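Scroll down for the structure; my scribbles are underneath it.
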Amino acid sequence: VILGLISVTWPLSMGDGAAQIPFVIKHGYSGEWPSGIHFNSTDDTPYIACTSSEYVECSNVTPKISVANLVGTLFGKVLSMAVCLGFGMVGGNIFPCIYAGTCAGVLVTRLIPSCPFSLAVPCMMSAVPASFAPIPFSLVGLVALVLVIDGKMAAPVFIATFVSFMFNCGFGVVQGVL
């Protein structure tokens, strides 16, 4: 019943997020795409080939996903993941957390227009799952390879991931609370 209510209210929060990430990235952003962000012509899959010099002020693309829907999708994804894992369903928390991080990154760029898209999304995609899983280097590598970012852009991603990991997993804050 809980998953049914979540899926009716926020349909983008269902599944593991693999099919929804390209849609959220392409239709949730409210700016002009920097020159390094491209979409495959066959399946609309985004890939970010950007360097640190490509931070762009953007404001001319109308998003198709509202801020309220992004917030609902983010919390719906986390809640549905918690329900699924709590009831023993098969799956894990890594990829749903990557999707939740993608939603959070797009949400940050919508709420803080001066924050570059090519910085917020990769950082959040890696930092959100790092707070739950003790694999920070793998997450940075995954995001760097999937979004095709160079070393200068990987540095902020690593810092965000490392801080998230150390606060929640490394220092034991979450374990202490639980």
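The values are calculated or read from the model by the stated rules, or taken from the named source; none is laboratory data. All values derive from a computational prediction rather than experimental measurement. FYI the Cβ positions are ideal-geometry reconstructions off the backbone, even for glycines, and counts take in every protein chain you see. Calculation scope for accessible area: heavy atoms of the full protein, side chains included, ligands and nucleic acids excluded. Shrake-Rupley method; radii C 1.70, N 1.55, O 1.52, S 1.80 Å.
Brief remarks on what is shown
- The accessible area of F167, taken with all protein chains in place and a 1.4 Å probe, comes to roughly 110 Å².
- Rounded to whole numbers, the Karplus 3J(HN,Hα) couplings from phi for the stretch 116-131 are x, 4, 6, 9, 5, 5, x, 5, 6, 4, 9, 6, 5, x, 5, 6 Hz, using 6.51 cos²θ - 1.76 cosθ + 1.60 with θ = phi - 60°, and x at Gly and Pro.
- For the stretch 75-162, accessible area per residue (1.4 Å probe, heavy atoms of protein chains only), Å²: 43 Å²
- In this label model, L178 and M89 are separated by 1.9 nm, measuring between points 7 Å along each Cα→Cβ vector.
- Cross-link partners for K77 among the lysines, with Cα-Cα distance under 22 Å and sequence neighbours closer than 8 places in the same chain left out: K26, K64.
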